[in-house]
Amino acid sequence: MSGVPQKRSLLVADSQLTKRNAAESRFKIYGLAAIGAGLFFLVVLLSQIVMNGAPAFFQTQITVPLTLDPAAVAKAEKSMMKTAGYRGMLEEALWNEVERGGIETQLKSPKELREMISAGAPGNLREFALADEGNQGTEVRYTFAASSRVDGYLKGRVTREGSKDDKGIRPEHFDLIDALVAVGVVETRFNLTFITGSDASDVRPEQSGMGQSMLGSLAMMFVVLGVCLPISVAAAIYLEEFAPKNRFTDFIEINISNLAAVPSIVFGILALAAFIQFGGGKLEIEALRASAPLVGGLALSLMTLPTIIIATRAALKAVPLSIREAALGVGASRMQSVLHHVLPLAMPGILTGTIIGLAAALGETAPLLLIGMVAFVQTDIASIGDFFTAPNVGMPAQIYIWAQRADGAWYERAWGGIILLLVFLVAMNAIAIFLRRRFERRW
């Protein structure tokens, strides 16, 4: 009869169950495909960063026997162009090494070797000569940087065909470079200067480094940590534990969430107006000046505060209500229950959110450009005060400046700077994981 329901066995899949199982299988396949695509693009990105940035950690060096004649040093110091005399010493030393090795070359004089020598090498030789009088009058094996064109040739960035229109280096130089490499005068070594040095002028990419910008970013992170951690924790505790639920607190919470989504460049404009133009201009606070890590840290603090407040509130909310009730039940005040019980249990989440906020601030560029934290050739840090107030540059801004320059050597160093920036970020995330496990409590 048509009105009698048909019996179905639980052991036999009907059409509806088959469709649901097929849909679940397709969903799993979509998920695995999405994960695979994400991993593929991540591998491609990291491989491109490593391939393009790794050469920045190596630099072509030239090593020659060199005798600094005290009379020649004194003559060079008396001239207006002091480094010109030292450049001639390097050219003569390299030319003598070519002749001593019996290397045939179409170059006719030591001056034609100038394009093979870094523009900053004469200045380094001057510092070496004046650092100790014992360096003068005796023969030493002196090592100096080759020019960016020589370095690029040995790394494959500069080719013979591409250098036909080059006004400086010529095919004759490349022939000589190949011969000097064969005898060990020219070789590529690990470039420690790239990690410890500071920015250099446009004509000296081979002597530029990220060291100064790393100090600038470190100083800004200290400022962000010192400003954001106490303020954000205090604000989150008040809003989550003590604030009454009314329109005013709802208004504050909504604005905190909105501020977390505001573009970073807006905070840069705010920092420019509030800290530099008003604080440093009208109020004449000397520490609040353009290009200072203190101002950069305050600008990044404005941007990071909403993020840390939200993360701290989430960590406090994750603590079970029973912890609070138990503390109140044994006679603790609300403040004591929060400070002695809730806050320690929420500390792993608070520290994790703080470090993640710092990592996000570390990669910001727009606010730093607006407050003038662009490349500086050299900044000497003589005290803790200078560490925060002397002009400096952040790592993202330094990378941005290098990427804008024309020479391919700068592009190479920009990729190398990205590697160092990623190392910073990985280190900060590793610290977050360590702190979370260190302070984590189970109940």
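The values are calculated or read from the model by the stated rules, or taken from the named source; none is laboratory data. As the structure is a prediction and not an experimental result, all values here were calculated from the model. Please note: Cβ atoms are built from the backbone with ideal geometry, for glycine as well, and neighbour counts cover all protein chains shown.
Brief remarks follow.
- Some residue of region 264-272 being surrounded by fewer than 16 Cβ atoms within 10 Å (Cβ to Cβ) and not β-branched (Val, Ile, Thr): no
- Only a single item in (1) within 39 Å of the chain's Cα centre (by Cα); (2) modelled with pLDDT under 90; (3) of a type outside the set (Ser, Thr, Tyr) is not met by VAL73, and it is number (1).
- Per-region count, region 230-247, residues among the hydrophobic types (A, V, I, L, M, F, W, C) and either outside any helix (DSSP H, G or I) or surrounded by fewer than 20 Cβ atoms within 10 Å (Cβ to Cβ) (or both): 6
- Condition check for ARG157: part of a loop (DSSP other than H, G, I, E, B), outside the structural domain of ALA406 (by TED's automatic domain parsing) and touching a residue at least 12 places away in the same chain (Cβ under 8 Å): yes
- Test: residue in region 58-79 that is part of a helix (DSSP H, G or I) and closer than 30 Å to ILE419 by Cβ: no
- Scope region 140-168; condition within 17 Å of LEU113 (Cα to Cα), β-branched (Val, Ile, Thr) and surrounded by fewer than 17 Cβ atoms within 10 Å (Cβ to Cβ); matching residues: THR143
- The residue of region 391-407 that is farthest from ARG149 (Cα to Cα), among those that are more than 12 Å from the chain's Cα centre (by Cα) and part of a helix (DSSP H, G or I), is ILE401.
- Scan of region 288-300 for residues that are buried (at least 24 other Cβ atoms within 10 Å of the Cβ) and either in a loop (DSSP other than H, G, I, E, B) or not hydrophobic (A, V, I, L, M, F, W, C) (or both), ordered by number: ALA292, PRO293, GLY296, GLY297
- Residue in region 161-174 that is touching a helix residue (DSSP H, G or I) at 6+ places or on another chain (Cβ under 9 Å), in contact (Cβ under 8 Å) with a residue 24 or more places away in the chain and assigned to a helix (DSSP H, G or I) present: yes
- Residues that are closer than 30 Å to HIS341 by Cβ, surrounded by 12 or more Cβ atoms within 10 Å (Cβ to Cβ) and not hydrophobic (A, V, I, L, M, F, W, C), drawn from region 395-439: ASN429, ARG436
- Number of positions in region 335-344 that are surrounded by fewer than 20 Cβ atoms within 10 Å (Cβ to Cβ) and either aromatic (Phe, Trp, Tyr) or within 15 Å of ALA236 (Cα to Cα) (or both): 4
- Residue check, GLY216 assigned to a helix (DSSP H, G or I) and either surrounded by 16 or more Cβ atoms within 10 Å (Cβ to Cβ) or of a type in the set (Asp, Glu) (or both): yes
- Residue match in region 27-50 (condition: touching a residue at least 24 places away in the same chain (Cβ under 8 Å) and out of contact with any Gly (no Cβ under 8 Å at 6 or more places or on another chain)): yes
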